[in-house]
Amino acid sequence: MSLSFRHLVSTQKVEKADISHIFQVSREMEEVLMRRGDQRLQGYILANLFYEPSTRTRFSFAVAMHRLGGQVISAEGIQFSSLYKGESLEDTIRVVGQYADIICMRHPEQGSAARAAVVSSVPFINGGDGPGEHPTQALLDLYTIEKEQGTLEGVRVALVGDLHYGRTVHSLSFLLSLYPGVQCIFVSPVELRIPDSVRDFLTARGVRYTETDSLIEGLQADVLYMTRIQKERFQDQRAYEKLKSAYVLHAADVKGRRTTILHPLPRVGEVASDVDDLPNAAYFRQVRNGIVVRMALLTLLLGKA
Ligand code: NCD
């Protein structure tokens, strides 16, 4: 069985069958990773194109590829790029598609991933397009929720923080909409509310959601998905300063509850370090899950599952 898509740009069109398939292969990859990998992607090359800073997404893709015996070529920052010399994004992708078998790109502009995918001759993965989407993070988030909660059906997920610019929240909301009985509680300052486009999508799919600026309301959920206020997206740094400490989760807030606590990381103060010791603080397990989900995706998109 193969996936319904050749490029992964957005989670809006991802189907439930795709997710089951990716998760099934991800579970197999947990064992492969435990054995320090295998050679099923030997001879394949991933190009990591990062026009915006990244540690974990870039490393996670590189590790996934290396663990499967593949190789990685990588470019980071605007100064490396022929874009700097005036080349179009489309031409860069056409050229890189001659070098590599699969491309992962992070770019500061929303919509850049869709433009790149249109011209890509090899499978293309959106590693984050500005404030748009971050589909692979959302897949690993969903995988983690299922693992920690035992199910996706009927889960109540509170998404907290910068819901306006937080691309992981957008992609995750689209995926959650596929599961019956899911409820989303969007917790943000009014200035950083979830975009209308995401709300409209959820409404069209009949998903129940509420919006609030109170973290206390979010604490009732089964899953707390904390996020960072996205400093780099603010035109006015004073507005960022005003909002940056809007929510801080402490261990005492969730003590005695079984709430799964997630964060795409990096955290910059929204989850206090005393939360780390709680058994339900799952953000470092989430990082590990990111490797296996990406191993699965690379394998499936390259037709080697
Ligand atoms: C996220 C991103 O880049 O959108 N990080 C990540 O990929 N793990 C979240 C963030 O930067 O806040």
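For the chain, the average shadow cast by the Cα convex hull is 15.3 nm², which is a quarter of the hull's surface. To test your reading of the geometry: what angle, between 0 and 90 degrees and rounded to tens, separates the Cα axis of helix 167-176 from the longest principal axis of the chain? Approximately 80 degrees, to the nearest ten. Phi angles across the stretch 199-206 convert, under the Karplus curve 6.51 cos²θ - 1.76 cosθ + 1.60 with θ = phi - 60°, into 3J(HN,Hα) values of 4, 4, 4, 5, 4, 4, 8, x Hz, Gly and Pro given as x.
Report, in cubic angstrom per residue, the convex hull volume of the C-alpha atoms of the stretch 17-164. Don't skip to the answer; put the middle values down first.
Numbers: hull volume 19.8 nm³, N = 148.
Per-residue hull volume (Cα only) is 134 Å³.
Between the Cα long axis of helix 283-301 and the first principal axis of the chain there is an angle of about 40°, rounded to the nearest 10.
Each part reduced to its alpha carbon centroid, the stretch 113-183 and the stretch 250-305 end up 14 Å apart.
If you take the alpha carbon atoms of the stretch 192-284 and fit the smallest convex hull around them, that volume is 117 Å³ per residue. Computed over the stretch 140-238, the P(r) tail beyond 23 angstrom holds 20 percent of alpha carbon pairs.
Rolling a 1.4 angstrom probe over the protein heavy atoms, how many square angstrom per residue are accessible across the stretch 240-294?
On the way: 2660 Å² over 55 residues.
Using a 1.4 Å probe on heavy atoms only, each residue of the stretch 240-294 averages 48 Å².
3J(HN,Hα) along the stretch 95-105: 5, 5, x, 7, 8, 10, 8, 7, 10, 10, 10 Hz, from the Karplus curve 6.51 cos²θ - 1.76 cosθ + 1.60 with θ = phi - 60°, whole Hz, x for Gly and Pro.
Enumerate the amide H contacts of GLU109 below 5 Å, restricted to partners 5 or more residues apart or on another chain; note that Pro and chain-start residues carry no placed amide H. Distant-sequence amide H within range of GLU109: GLY130.
Between 0 and 90 degrees, the angle of helix 56-67 with respect to the longest Cα principal axis of the chain falls at about 50 degrees. Treat the stretch 1-87 as a sphere of radius equal to its Kirkwood radius over Cα pairs and apply Stokes-Einstein at 10 °C in a medium of 1.306 mPa s; give the translational diffusion coefficient in µm²/s, rounded to a whole number. Value of D from the Cα-based Kirkwood radius: 105 µm²/s. The protection proxy used here, the mean number of other Cβ atoms lying within 10 Å of each residue, ranks peptides 86-98, 3-15, 233-245, 285-297 as follows, highest first: 285-297, 3-15, 86-98, 233-245.
With a 1.4 Å probe rolled over the protein heavy atoms of all chains, the accessible area of LYS85, LYS147 falls in the order LYS85, LYS147, largest first. Database remark: amide H of LEU249 closer than 5 angstrom to the amide H of VAL271, ALA272 (H placed geometrically; neighbours at sequence offset of 5 or more, or on other chains; Pro and chain starts carry no H). The alpha-carbon of LYS147 sits under 20 angstrom from the alpha-carbons of these lysines, leaving out residues fewer than 8 places away in its chain: LYS16.
Of all the accessible heavy-atom surface of the chain, with the other protein chains kept in place and a 1.4 Å probe, what percent is carbon and sulfur?
Numbers: 6570 of 13300 Å².
It is 49 percent, rounded to a whole number.
Sequence gap at least 6, Cα distance under 8 Å: using those rules, report the relative contact order of the stretch 157-293 to the nearest whole percent. In percent, rounded to a whole number, it is 25. For the chain, what does the relative contact order come out to in percent, with C-alpha contacts under 8 Å and a separation of six or more? Relative CO of the chain lands at 20 percent. Annotation: amide H-H contacts under 5 Å for PHE50 (H modelled 1.01 Å from N, sequence separation of 5 or more, or interchain): ALA75, GLU76, GLY77, ARG106. The 3J(HN,Hα) values that the Karplus relation (6.51, -1.76, 1.60; θ = phi - 60°) gives for the stretch 263-271 are, in residue order, 7, x, 6, x, 9, 10, x, 7, 10 Hz. Gly and Pro appear as x.
Highest mean packing first, where packing is the average number of other Cβ atoms within 10 Å per residue, the peptides 129-136, 177-184, 34-41 line up as 129-136, 177-184, 34-41.
The values are calculated or read from the model by the stated rules, or taken from the named source; none is laboratory data. None of the values given here were measured: they were computed from a predicted structure. Note: ideal-geometry Cβ built from the backbone for every residue, glycine included; neighbour counts use all protein chains shown. Ligands, DNA and RNA are excluded from the accessible area calculation, which covers all protein heavy atoms including side chains. Shrake-Rupley method; radii C 1.70, N 1.55, O 1.52, S 1.80 Å.
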